[in-house]
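> Mind having a look at this structure? Questions to follow.
No lab work stands behind these numbers, since they all come straight from the coordinates. Owing to the predicted nature of the structure, the values given are computational and were not obtained by experimental measurement. Neighbour counts are summed over all protein chains in view; Cβ atoms, including those assigned to glycine, are modelled from backbone coordinates with ideal geometry.
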Amino acid sequence: MLGDDAELTAAVLAAQDGDETAFRTVYRAVHPRLLGYVRTLVGDPDAEDVASEAWLQIARDLDRFSGDADRFRGWAARIARNRALDHIRMRGRRPAIGGDETELTGKPAEADTAGEAMESLATGDALALIAKLPQDQAEAVVLRVVVGLDAKSAAQTLGKRPGAVRTAAHRGLKRLAELLGADGPLNPDALDAVPPQREPRGRPVTSAGVTQSRSRAQKDM
């Protein structure tokens, strides 16, 4: 994610006008965290392919998008989620949903998670821990903390109420703190802190194929 949302907003607007350099900037800013979200849905082996499919749709439909940086992240996350669910259906698998969403709506979280859990989400081992959470909590944590969406945008992505997403995220972060053995003071502002961007492990991210596809998509529209 770019340090300044205004820069990402400007890059999105320029990309909509056909600036391929701006589109690469958008891709580099959003892709690592979007890929992390996809990994929580389909697992590591298929995440790159599903994320690539999502970016092809983002490139194709970018002209239809309207909004700022935060809305773009939410829009991209919804596309990625839809592609991931399509992939799951095609493979005949279902995500393991933890509990009934309605159970979360009216119940506040027992406590906010420890600061140590938030710091650990910036490490390369974070997604392995998040994968141990129930699916609803895992998605809420990744969208709120890793992708950087607010509760309303995350709720729109998941098709849930903001209160349900907040509760799932708090419960997920509390469980992460337990998994990490974090017993420090609880941090009431945990969900307002987004960990610093880390470069993805493994092969380097490249937007060449996506930008080429965007060029073709623009010509076909």
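> Run the numbers for residue 61 and residue 152: contour at 0.36 nm per residue of separation, minus the present Cα-Cα distance, in nm.
Additional length available on full extension: 30.5 nm.
> Please give the peptides 140-148, 41-49 ranked by average Cβ packing (other Cβ atoms within 10 Å per residue), highest first, as a rough proxy for protection.
140-148, 41-49
> Expected output is a single nm value to one decimal: the length gained when fully extending between residue 7 and residue 178, i.e. 0.36 nm times separation in residues minus the C-alpha distance. What is it?
57.9 nm
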